[in-house]
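Undergrad: Below you will find the structure I want to go over with you.
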Amino acid sequence: MLSLVVVLPHPPLLVPELAAGAAGETAELRAAVRSAAARLAQAAPDWLAVGADPGGRRTVPPGTAGTFLGFGRDVRVALGPGAGDPEPDLPLSLLVAGWAAGATGTAPRIRGELVADDAPTADCLQLGRELAAEADAAPGPVGLLIVGDGAATHTAKAPGHLDERAAPFDACVAKALEHGDPAPLAALDPGLAGELWAVGRAPWQVLAGAAEERDWCGELLYSAAPYGVAYHVAVWTPV
């Protein structure tokens, strides 16, 4: 069964070796990510990590290794024990999943489940339902890790420049995460999310599908847009 759900963003600046002068500005975010990941590690030795990838739908097996070399430093991570040489094109969402797991001091087995950035809502919901059913059939607890950023259009200097629709979009996401409510996540508009550069939309809708048959207690550990990009950290516990 799904014993816990954790929602994280994936800015490379989470990694101290990559943060440089921004380490202080990202300290609160990093602390929230580490706290949430530690709770997931305590709840389950097996994680399903869901992220978006322009390459589309694919599964990445546990034990896959990766590196942040493409983001400036050869910081290596792994999706659990038994990793070999790093996969050069491991998506950022799974790199951050591996980094967050490594920061817990444990070695959870992490299977990556990637969806296309523009995957239809129905496909995301169906994948979530399938992952929940798989977790329900598992012999032990399974943790669900959802990785993705909110709108990248909160300020004029943001990657996608300023879009006034970003604030209400991420306020809706934050409220849903705070209250453990999958319905508003399922209702997110893929077209609007794409215009706002909100790459977390598809993974959040996978969460909506996985969570729809249970009640959840939500905790919002962090929600802000320090560089014009919205980052949300949340923990959902089954009631």
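The values are calculated or read from the model by the stated rules, or taken from the named source; none is laboratory data. These numbers come from a predicted model, not from an experiment. Because the Cβ atoms are built from the backbone with ideal geometry, glycine has one as well, and the counts that use them run over all protein chains shown.
Undergrad: Which numbered condition trips up ALA83, out of (1) of a type in the set (A, V, I, L, M); (2) farther than 25 Å from VAL15 by Cα; (3) part of a loop (DSSP other than H, G, I, E, B)?
TA: Looking at each condition in turn, ALA83 falls short on (2).
Undergrad: From the residues in segment 5-29 that are within 14 Å of LEU220 (Cα to Cα) and out of contact with any His (no Cβ under 7 Å at 6 or more places or on another chain), which one is surrounded by the fewest Cβ atoms within 10 Å (Cβ to Cβ)? It would help to see each step written out before you state the result.
TA: Here is the first cut: in segment 5-29, the residues within 14 Å of LEU220 (Cα to Cα) are 5-9, 28-29.
Retained after the next criterion (residues that are out of contact with any His (no Cβ under 7 Å at 6 or more places or on another chain)): 5-6, 8, 28-29.
Numbers: VAL5: 26, VAL6: 27, LEU8: 33, GLU28: 14, LEU29: 22.
So, considering only residues that are within 14 Å of LEU220 (Cα to Cα) and out of contact with any His (no Cβ under 7 Å at 6 or more places or on another chain), the one surrounded by the fewest Cβ atoms within 10 Å (Cβ to Cβ) is GLU28.
Residue-by-condition table, conditions (1) within 28 Å of PRO182 (Cα to Cα); (2) at pLDDT below 95; (3) touching an Asp or Glu at 6+ places or on another chain (Cβ under 8 Å):
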{"position": "LEU40", "(1), (2), (3)": "yes, no, no"}
{"position": "THR59", "(1), (2), (3)": "yes, no, yes"}
{"position": "GLY72", "(1), (2), (3)": "no, yes, no"}
{"position": "ALA137", "(1), (2), (3)": "yes, no, no"}
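Undergrad: Give segment 38-71 a look and list any residue that's in a helix (DSSP H, G or I) and either surrounded by 19 or more Cβ atoms within 10 Å (Cβ to Cβ) or over 17 Å from the mean Cα position of the chain (by Cα) (or both), or say none. Working first, answer last.
TA: First, the residues of segment 38-71 that are in a helix (DSSP H, G or I): 38-43, 69-71.
Scanning segment 38-71 gives LEU40, ALA41, GLN42, ALA43, LEU69, GLY70, PHE71.
Undergrad: A further question follows. For ALA198, indicate whether it is free of Cβ contacts under 8 Å to residues at least 60 places away in the same chain and within 15 Å of the chain's Cα centre (by Cα). Spell out the reasoning first.
TA: Working: free of Cβ contacts under 8 Å to residues at least 60 places away in the same chain: yes; within 15 Å of the chain's Cα centre (by Cα): yes.
When the stated conditions are applied, ALA198 passes them.
Undergrad: I'm checking my understanding of the structure. Among residues of segment 87-102 that are buried (at least 18 other Cβ atoms within 10 Å of the Cβ) and outside any helix (DSSP H, G or I), which one is nearest to the chain's Cα centre (by Cα)?
TA: The qualifying residue nearest to the chain's Cα centre (by Cα) is PRO91.
Undergrad: Moving on. Within segment 123-137, can you find the residues that are of a type in the set (Gly, Ala, Ser), surrounded by 14 or more Cβ atoms within 10 Å (Cβ to Cβ) and over 7 Å from GLY209 (Cα atoms)? So that I can check it myself, show each step before the final result.
TA: Taking segment 123-137 and keeping what is of a type in the set (Gly, Ala, Ser), we get 128, 132-133, 135, 137.
Still in the running and surrounded by 14 or more Cβ atoms within 10 Å (Cβ to Cβ): 128, 132, 135.
Hits for segment 123-137 are ALA132, ALA135.
Undergrad: Shifting gears a bit: If a residue must be within 19 Å of PRO141 (Cα to Cα) and either in contact (Cβ under 8 Å) with a residue 60 or more places away in the chain or in contact with a His (Cβ under 8 Å, 6 or more places away or on another chain) (or both), how many such residues does segment 36-57 contain?
TA: First pass over segment 36-57, keeping only residues within 19 Å of PRO141 (Cα to Cα): 36-50.
The next check asks that each one be either in contact (Cβ under 8 Å) with a residue 60 or more places away in the chain or in contact with a His (Cβ under 8 Å, 6 or more places away or on another chain) (or both); those that pass are 36-41, 43-50.
Within segment 36-57, residues that are within 19 Å of PRO141 (Cα to Cα) and either in contact (Cβ under 8 Å) with a residue 60 or more places away in the chain or in contact with a His (Cβ under 8 Å, 6 or more places away or on another chain) (or both) number 14.
Undergrad: Any residue in segment 151-169 that is among the aromatic types (Phe, Trp, Tyr) and in contact with a strand residue (DSSP E or B) (Cβ under 9 Å, 6 or more places away or on another chain)?
TA: First pass over segment 151-169, keeping only residues among the aromatic types (Phe, Trp, Tyr): 169.
In the following step, the residues that additionally are in contact with a strand residue (DSSP E or B) (Cβ under 9 Å, 6 or more places away or on another chain) were identified as none.
No, every residue in segment 151-169 fails to be among the aromatic types (Phe, Trp, Tyr) and in contact with a strand residue (DSSP E or B) (Cβ under 9 Å, 6 or more places away or on another chain).
Undergrad: Moving on to the next point. Checking the condition in contact with an Asp or Glu (Cβ under 7 Å, 6 or more places away or on another chain) and surrounded by 15 or more Cβ atoms within 10 Å (Cβ to Cβ), which residue from VAL147, VAL142 passes? Lay out the reasoning, then the answer.
TA: Details: VAL147 fails: in contact with an Asp or Glu (Cβ under 7 Å, 6 or more places away or on another chain).
VAL142 is the lone residue from the list that is in contact with an Asp or Glu (Cβ under 7 Å, 6 or more places away or on another chain) and surrounded by 15 or more Cβ atoms within 10 Å (Cβ to Cβ).
Undergrad: Same structure again: Please determine whether any residue of segment 154-176 is of a type in the set (Lys, Arg), surrounded by fewer than 21 Cβ atoms within 10 Å (Cβ to Cβ) and free of Cβ contacts under 8 Å to residues at least 40 places away in the same chain. Can you show your working first?
TA: First, the residues of segment 154-176 that are of a type in the set (Lys, Arg): 157, 165, 175.
From what is left, the residues that are surrounded by fewer than 21 Cβ atoms within 10 Å (Cβ to Cβ) are 157, 165, 175.
Filter once more, so that each one left must be free of Cβ contacts under 8 Å to residues at least 40 places away in the same chain: 165, 175.
Yes, that holds for at least one residue.
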